[in-house]
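Single-structure report; data block below.
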């Protein structure tokens, strides 16, 4: 399917159903928020049609439960001020409704990023003031796609997942999830610029490739790399992108894998899973010209070592007043003209497929394109046994990537059952 019409039929502002208390009106950004990109986290959840075509009832339930959820996630209904505080002013979030001129099954037959992006409220890498926006898309068959954009300036993938889980639970009358907005208490802001995560954003043509690794492929990759599931898949993709770089007339000299690490379970004591904000840091594995790239284990050992080093003691150093050496090193490597970066973030095991708003569990959840060269987002498949990788690469590199004989035997291209 090359083209598809998505017509917006309504837009409105959804505000919290109760005013935010005055003492909660100002929320300070954390040091880790300073490291986040100024883009949005885009998520689309697809739901198969239910019997009957009563669109008003589920839409009204969505809006009402969203109002109630914003009572607890009140910063998302606010705005960012110049001093990087969030004004929790209950301005609300934009909720749009759209009709899609095709059936859901037609969209699920092929992975087309240009079509998928139409289900989002707006481009996730554009300039917007909103901290959260939602788009409710209805297909001709009665299927539904809920597109969400959450500002990365105040949330990471875990936080976005927590919000979606709380929203879906609220639609069933369960309001038990109470997020914590105290990241700045643990990680006070430092004297450095905001939006450091924008390093690596490019205006070059980026395309997204979707790879699916099933249980047997992951087992084979784990054996080759002697590593975890996520590390094994990451290493394979990193190695193939290194091969593309080395095939160019002016190849990179240094190859770097930057892997986001969730700090919540690594802190002492661990933070609750529903702690809200950018509570991640990066592990950086460097492959220099002197390193021998004989097999996957070389890369896996480097990557695993860097990830394991982010433990309780490491986090305490991040919490200190000192400027982290790792951040200095990361900024230096990022600015090197002869270095090729590959960035990974893993949402594996996040309960995205548990977000039931009344249509049952989603049939597919995806993370559309991001304007970062060699950015890879990993998610669990619906059955929980496989891994999906959304790989953002240069259009010219995709020509080689798509026919890579060392990659293709491990992947499937099917979108959803």
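The values are calculated or read from the model by the stated rules, or taken from the named source; none is laboratory data. A quick note: this is a predicted structure, and the numbers were derived from the prediction, not measured. Here Cβ is always computed from backbone atoms with ideal geometry, including for glycine, and neighbour counts include all displayed protein chains.
One table, with the values for the structure above:
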quantity	calculated
Odd one out for residue 332, checked against (1) under 24 Å from residue 39 (Cα atoms); (2) touching a residue at least 40 places away in the same chain (Cβ under 8 Å)	(2)
Out of 165, 142, sole residue that is under 24 Å from residue 48 (Cβ atoms), in the same structural domain as residue 47 (by TED's automatic domain parsing) and assigned to a loop (DSSP other than H, G, I, E, B)	142
Residues of region 275-290 that turn out to be out of contact with any strand residue (DSSP E or B) (no Cβ under 9 Å at 6 or more places or on another chain) and at pLDDT below 85, as a count	1
Verdict on residue 325 being farther than 23 Å from residue 34 by Cβ and at pLDDT below 95	no
Boolean, residue 69 is crowded, with 19+ Cβ neighbours inside 10 Å and modelled with pLDDT of 95 or more	yes
Where residue 382 falls short, out of the listed (1) more than 20 Å from residue 279 (Cα to Cα); (2) surrounded by fewer than 20 Cβ atoms within 10 Å (Cβ to Cβ); (3) in contact with a helix residue (DSSP H, G or I) (Cβ under 6 Å, 6 or more places away or on another chain); (4) touching a residue at least 60 places away in the same chain (Cβ under 8 Å)	(4)
Test: residue 218 is buried (at least 21 other Cβ atoms within 10 Å of the Cβ), in the same structural domain as residue 338 (by TED's automatic domain parsing) and in contact (Cβ under 8 Å) with a residue 12 or more places away in the chain	no
Yes/no for residue 89 being surrounded by fewer than 18 Cβ atoms within 10 Å (Cβ to Cβ) and closer than 29 Å to residue 18 by Cα	yes
So residue 318, is it within 21 Å of residue 392 (Cα to Cα), surrounded by 15 or more Cβ atoms within 10 Å (Cβ to Cβ) and at pLDDT 85 or above	no
Any hit, region 243-256, residues being at pLDDT below 90, farther than 18 Å from residue 154 by Cα and part of a strand (DSSP E or B)	yes
Answer from 234, 288, 226 - the residue that is under 21 Å from residue 374 (Cβ atoms) and surrounded by fewer than 19 Cβ atoms within 10 Å (Cβ to Cβ)	288
Residue among 86, 115 that alone is outside any helix (DSSP H, G or I) and touching a residue at least 40 places away in the same chain (Cβ under 8 Å)	86
